[in-house]
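Novice: Sharing a structure here in structure tokens format.
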Amino acid sequence: MMAFIVDKSLRTQSNFFLLNLSICDFFIGAFTSPMYVLYSLMGKWILGRYVCKMWLIADYTMSTASAFNIVLISYDRFLAVTEAVLYRSLQRNHRQTFLRMAAVWVLSFLLYSPAILFWESVFDSKNMAESDCVPAFFDCWYFHLGTSFFDFLIPLMSISYFNLSIYLNINKRSRKKRQPVSDLYGGNNIRPFIIATNQVLSSEQLDGQKDMAHARNRVKKSLRQCFSNHMVTSSSQMNSAYSTYNISVINLSRDKKVAKSLAILICIFTICWAPYTFLICIRTACQGYCIPTYWYDITIWMLYLNSAINPVLYPLCHRSFRRAFSIILHVSM
């Protein structure tokens, strides 16, 4: 977030999505996880029901928004690699960028917050003890199963699809790159050509040695000019072909880095989210008797760990962000 303030060149569509993710991770690190530490150390909730509700809403919303932002970033990189022309046109559409960012927050809030606020009154369930701070749907396995489909399975399938599409696109372009440049840019279409001149030698001019020399010189001059023009044209065409080829190689190398970072993203997301998703469904189905409580705590911290890894996984892997961070550190020192 400080990098966005320091370096205006970072304010692109892709980096705005990273900013959206960093806001989620900031609030998880600054508010939700410290409150969970306090709750765990005390063994009971001591801050009242109102603060409990706020904490639960923030915790569920931020965690879900973090997952949805990862999908948004993956989609952005998918467009950048597979639909380059469309992606360049979207770069200037800031309104659509902000709408997507806002949609992440709205959907994340609607997935859990209404249930946190109104579950007791709608389903007439018993109120939690003052010393507990868990949502009223905590023991409802079918609710967890339904929400897990939206906050884990759909994001996982989405980023897997985007990564697979990027891989297939890069693989296809890599095969084309192995072809000779002449095949890619029509260099094999060069055909023999005939040099035509407008020099006509009459029999009278050929009678004398002097006239013969003049005619020969005019023919040579015409040939040199024709060859020179042809060589300039061929050279410019080849330079243009190689320039286009080099640009495609650079773009392909950049997109390979995007694919690698997206593959790492899928692995980290799956490792951090899958244990909690499966455990919470199993735990609620067996009413908490088949899974020890400490396993639940471990999976919660794995979710928080994802927000700790994201700042390293995204901004620090970009040269532009590293440059902005160095400026921040230089100013602070």
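Bear in mind that the values in this text are calculations on the coordinates, not laboratory data. From a predicted model like this one, the values you see are computed outputs, not experimental measurements. Note: ideal-geometry Cβ built from the backbone for every residue, glycine included; neighbour counts use all protein chains shown.
Novice: Which of the trypsin sites (Lys or Arg not before Pro) found in the range 23-64 are in a DSSP loop and have at most 12 neighbouring Cβ atoms, other than their own, within 10 Å? Please list the in-between numbers first.
Specialist: On the way: sites: 44, 49, 53; in loops: 44.
Qualifying residues, ordered by number: 44.
Novice: Could I ask something else about it? Which net charge results when you count Lys and Arg as +1 and Asp and Glu as -1 among the other residues whose beta-carbon is under 14 Å from that of residue 112?
Specialist: The answer is -1.
Novice: Turning to a different aspect of this structure: One-quarter of the Cα convex hull surface for the range 20-92, in nm²?
Specialist: Result: 6.0 nm².
Novice: At what distance in nm do the modelled label points of residue 51 and residue 331 sit from each other, each positioned 7 Å from its Cα along Cα→Cβ?
Specialist: 3.4 nm
Novice: Then there's this: In Å, what Kirkwood hydrodynamic radius results for the range 51-155 from the alpha-carbon pair distances?
Specialist: 15.8 Å
Novice: Packing-wise, with mean Cβ within 10 Å as the measure, how do 318-331, 65-78, 265-278 rank, highest first?
Specialist: 65-78, 265-278, 318-331
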